[in-house]
Amino acid sequence: MERFFRFHVSKFSSRKELQNSEKILILGLGNIILTDDGIGPRLVEDLSARLQAPHISWETANLGGMELLELFRPYSVVVIIDAIKTGTREPGAVFYLTPANFKETLHVSNFHDISFLTALELGRQLKMEVPGHIHIIAVEIIEDLVFDDSLSPELEGKYPQILEEVASMLKELLHK
């Protein structure tokens with residue numbers, strides 16, 4: 001259970017696209033005790049040690065919809081890492097999404113709240129602080145209904161490649 005955490009790392013240098021004053025949140029969404037559903041928090045835990053920078057906060061959560069807006073408030077850039085279950089791609093496939101081409105991931109929206117896109121629009125209409133840039137990295141999973149703090153064997157076997165692909169995507173997003 002040592003992967004159950006919420007933490008911040010602050011060491012990110014300025015980049016061409018990002019101004020020194022921009023605060024960045026990298027958020028791993030998922031439930032770490034529901035097998036592959038914990039892929040987002042696990043990736044954030046591993047990536048935070050490799051990609052430390054002063055303007056980046058690393059966090060994990062198991063929420064969605066309007067609850068995300070409150071978490072996003074102090075940030076100008078948000079990167080969400082979450083599980084997705086499309087059934088159309090091989091387990092371990094990594095997707096890049098934005099609100100413009102959004103597919104429902106497992107946690108960005110939830111059944112007990114309004115959808116993520118509706119929450120963003122409502123937040124804008126209510127003049128809430130909504131990040132100017134939202135990116136979603138989603139990993140195709142197999143199992144999210146079995147209680148286990150380990151990934152499924154198939155996803156565990158692909159984890160090093162998934163980690164490298166997500167790290168590469170993050171570097172590209174943050175270095176533009």
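A simple spin-label model places the labels of Leu71 and Glu90 3.0 nm from each other, with each point 7 Å out along Cα-to-Cβ. Summing charges over neighbours of Ile137, with a neighbour being any other residue whose Cβ is under 10 Å away from its Cβ, gives -2 when K and R count +1 and D and E count -1. With a simple spin-label model that places each label point 7 Å from the Cα along the Cα-to-Cβ direction, the separation between Ile114 and Gln52 comes to 4.0 nm. Put in line by how crowded their Cβ is, counting other Cβ atoms within 10 Å and starting with the fewest, Tyr96, Tyr75 read Tyr96, Tyr75. Rg and Dmax of segment 24-175, based on Cα coordinates, read 14.6, 45 Å.
Each reported figure results from applying straightforward, stated rules to the coordinates on display, with no laboratory input. This one's a predicted model, so the numbers in the text were calculated from it and none came from an experiment. We place every Cβ from the backbone using ideal geometry, glycine too, and count neighbours over all the protein chains shown.
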